[in-house]
Amino acid sequence: MQAAKVYKPRKVAGVDRVTKLAKKRKVIAIARIGKVRAAQIMGLKRSFRNQLDIVVPKNTLARIALSKMKSPNIDELLKELKGQNALLFTDMDPFKLYLILQKGTVNLPARAGDIATDEIVIPAGNTGIPPGPVLSEFKEAKVATKIETGSIFVTKDTVVAKPGDLISAPLAGLLSRLNLKPIKAGISINVAYMNSLLFHAKDIAIDPVAYQNELQMAYRSALGLAVEQAYATKETAPLIVGKAFRNAKSLAVAAGYASKDTVGAILADNQVKAMAIMDLAKKKGYS
C-alpha cells in the first residue's frame, strides 16, 4: 500500500487558512498579480484590514483548500487558478471590490515583452528630443515626425499598441525616451465567486461616471413620461401643475379670455396683430 503524502506544516497551515477564510467570507476573488508591487498589496491590507483578506498561495495549495468547500460551481472557480494569483476574501460585493482595486492602479514604464493593458498613444507635439538615430525608432513605430527648432515633433496622435499587443524592445525604448508610462499595474480581479455564481472581469467592470450618466438619463426619461401621462408623485406633481397652468393660459390667451394672468399676454398678442395689419396697410398705400 502506498503511503499517504505528508505535507509540510507550513503548507498545511496555508491550506487551513485559505479554507477558513473561504468559509468566513461571502466573496472569493482571484486576482492577477504578475506586475503588482508588494507595497501595493501591503497598502490594501492596511487600508482594508477588517474588510479584505489577501493571500498569495501556490495554485496547488489554493485548489486543495477551495475544493474542500464542496460548493456549487467551485470547480469552475478552480479552473481560473492559472499563473501568479492572489486570493481575495471579503464581504463586499464584487462590483465595489473592483472599484476599490482600480483606485490602487499605478502606471509603470513599458519593458520589452510586456503586454499592453490599454491602447498606447504617442501624442502629437514637441518631444524635446534632438534629431539623430532616434528618428529610426519613430519610423519603426510608424510615428510621423518633423524637425522644428532643433527638436523632433510628432505630427499627429499615433496609436503604437492596442490592448493585448506584445511590446517590442525598440518600442519600449521609444516610450521610455518620451517618458511615457503606459502599463497599468495593480491587483485586477480575474473572476469573483459569490452565492455560487462566477463574475468575470467583464461582468463587474463598471465606469462610475458612465453609470451615473445612464441613471440620470433614465430618471429624466421616466420623469418626462410620468408628467406626460399626468402620473402624480411628489416629484411630478409640481411639473404636472405647471404644465397644466401653461396649457390653460395658452388656451385662455388664444380665446381672448381676460384675467390677471392672461390680460398682459392678450394685449401683447393683439398689439403684434395690430402692427402686422398696419404694416400690410402701408404696403397697400393706406396711411
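Observations, loosely collected:
- Within the stretch 228-287, the set of residues being basic (Lys, Arg) and surrounded by 12 or more Cβ atoms within 10 Å (Cβ to Cβ) comprises LYS243, LYS249.
- Elements of type helices (runs of 4 or more DSSP H) contained in the stretch 1-110, each with 1 or more residues being modelled with pLDDT of 85 or more and surrounded by fewer than 19 Cβ atoms within 10 Å (Cβ to Cβ): 9-24, 59-67, 74-78, 94-103
- Lone unmet requirement of (1) touching a residue at least 60 places away in the same chain (Cβ under 8 Å); (2) assigned by TED's automatic domain parsing to the domain that holds SER71; (3) in a helix (DSSP H, G or I) for LYS202: (1)
- Test: residue in the stretch 203-221 that is touching a Pro at 6+ places or on another chain (Cβ under 7 Å) and aliphatic (A, V, I, L, M): yes
- Residues of the stretch 254-271 satisfying the condition of being over 55 Å from the mean Cα position of the chain (by Cα) and of a type in the set (Lys, Arg): none
- Any hit, the stretch 154-175, residues being within 30 Å of ASN73 (Cα to Cα) and surrounded by 15 or more Cβ atoms within 10 Å (Cβ to Cβ): no
- LEU223 vs. criteria in the same structural domain as ARG25 (by TED's automatic domain parsing), surrounded by 10 or more Cβ atoms within 10 Å (Cβ to Cβ), at pLDDT 90 or above and within 29 Å of the chain's Cα centre (by Cα): no
- Odd one out for VAL209 among (1) loosely packed, with under 15 Cβ neighbours inside 10 Å; (2) touching a residue at least 60 places away in the same chain (Cβ under 8 Å); (3) within 30 Å of PHE89 (Cα to Cα): (2)
- SER188 vs. criteria loosely packed, with under 13 Cβ neighbours inside 10 Å and either under 21 Å from the mean Cα position of the chain (by Cα) or touching a residue at least 60 places away in the same chain (Cβ under 8 Å) (or both): no
The values are calculated or read from the model by the stated rules, or taken from the named source; none is laboratory data. Everything numeric here is computed off the predicted structure, so don't read it as measured data. When we count neighbours, we look across all protein chains shown, and the Cβ atoms used for this are built from the backbone with ideal geometry, even at glycine.
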